[in-house]
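The values are calculated or read from the model by the stated rules, or taken from the named source; none is laboratory data. Every value quoted in this text rests on a predicted model; they were computed, and no experiment measured them. All Cβ positions, even for glycine, are placed from backbone atoms using ideal geometry, and neighbour counts span all protein chains on display.
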Amino acid sequence: MDSRLRGNDRFNAISLRGCRFGLQFCAARLWFASFGKVSCGSLFLFLLHGKWNNLELESSVQSLLQPITDELDLEILKVSIGSGGHSQLLRVVVDRAGGVDSDHLERVSRGLALQLDAEDLIKGAYRLEVSSPGLDWPLESEADFSRYRDEWVKVFFIDGTTCEGRNLGAAMQDDTLVFTLLCEAEKKGYQREERISMADVTKVVRAINWKEVSRKK
């Protein structure tokens, strides 16, 4: 019997090897696809678990912080925990109508640090940062407009335009927050009130009334 393969036999053998290679390639693709799904799913659950732990920790920190801020008549605007290099960073933002001074911030920082050490809430090293909000802190709720009532604010509208005026407070109207702004009218010496819906704006922040500053000089 001739050991050499005839043309058709050689073609069949090559086809068989190609088929086996194709099956192996498909199996490899299926394995990598399954591995990828498992890995992505595991990563998602890991990140979700970490986020949930942070939310629980932030809630616990706020519970410790509340009696301290109540005693100083301060509002807690934000508590967040994140990465701070080699240690965790705990950020706390507090404020009140009329603003806060360095003494308030120092007392909050010292009181909260003592509570955290006593409760041992945060494992490992951490840094505590207590601050007041800057002018770029957005006004988003009725409480925000109440806290900064009579302060000068800048409004950024959805259409790209802006306007400035004195904040006269806000209230809910048909499930939408509406605030009132006291603006300077076109006629010198006159003012007008404008009611603005939060649905029409992208951002409201405190600002400096430079005309008022220049008049005081």
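General observations
Yes/no per residue for (1) farther than 24 Å from ASN53 by Cα; (2) modelled with pLDDT of 95 or more; (3) not aromatic (Phe, Trp, Tyr):
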| site | (1), (2), (3) |
| --- | --- |
| SER87 | no, no, yes |
| LEU90 | no, yes, yes |
| LEU105 | yes, yes, yes |
| ILE122 | no, no, yes |
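- Scanning region 113-123 for residues that are within 24 Å of the chain's Cα centre (by Cα) and in a loop (DSSP other than H, G, I, E, B) yields LEU121, ILE122, LYS123.
- The one condition from (1) in contact with a helix residue (DSSP H, G or I) (Cβ under 6 Å, 6 or more places away or on another chain); (2) outside the structural domain of GLU56 (by TED's automatic domain parsing) that LEU121 does not meet is (2).
- Within the set ASP200, ASP174, the sole residue that is surrounded by 12 or more Cβ atoms within 10 Å (Cβ to Cβ), in the same structural domain as ILE158 (by TED's automatic domain parsing) and over 23 Å from PRO133 (Cα atoms) turns out to be ASP200.
- Some residue of region 190-204 being touching a Phe, Trp or Tyr at 6+ places or on another chain (Cβ under 9 Å) and of a type in the set (Ser, Thr, Tyr): yes
- Odd one out for GLY189 among (1) buried (at least 16 other Cβ atoms within 10 Å of the Cβ); (2) small (Gly, Ala, Ser); (3) over 31 Å from the mean Cα position of the chain (by Cα): (1)
- In region 170-189, residue modelled with the lowest pLDDT [restricted to those that are out of contact with any strand residue (DSSP E or B) (no Cβ under 6 Å at 6 or more places or on another chain) and not charged (D, E, K, R)]: GLY189
- Number of the condition not met by LEU182 [criteria: (1) of a type outside the set (S, T, N, Q); (2) surrounded by 12 or more Cβ atoms within 10 Å (Cβ to Cβ); (3) within 30 Å of GLY82 (Cα to Cα)]: (3)
- Scanning region 146-157 turns up one or more residues that are among the aliphatic types (A, V, I, L, M) and either in a strand (DSSP E or B) or under 26 Å from the mean Cα position of the chain (by Cα) (or both).
- Lone unmet requirement of (1) touching a helix residue (DSSP H, G or I) at 6+ places or on another chain (Cβ under 7 Å); (2) outside the structural domain of LEU181 (by TED's automatic domain parsing); (3) in contact (Cβ under 8 Å) with a residue 40 or more places away in the chain for VAL94: (3)
- Inspection of region 118-127 identifies at least one residue that is over 30 Å from GLU194 (Cβ atoms) and acidic (Asp, Glu).
- Within region 108-120, if we keep just the residues that are surrounded by fewer than 17 Cβ atoms within 10 Å (Cβ to Cβ) and not small (Gly, Ala, Ser), the residue that is nearest to GLY134 (Cα to Cα) turns out to be ARG110.
- Here is the figure for region 161-217: residues that are closer than 17 Å to SER141 by Cα and assigned to a loop (DSSP other than H, G, I, E, B) total 2.
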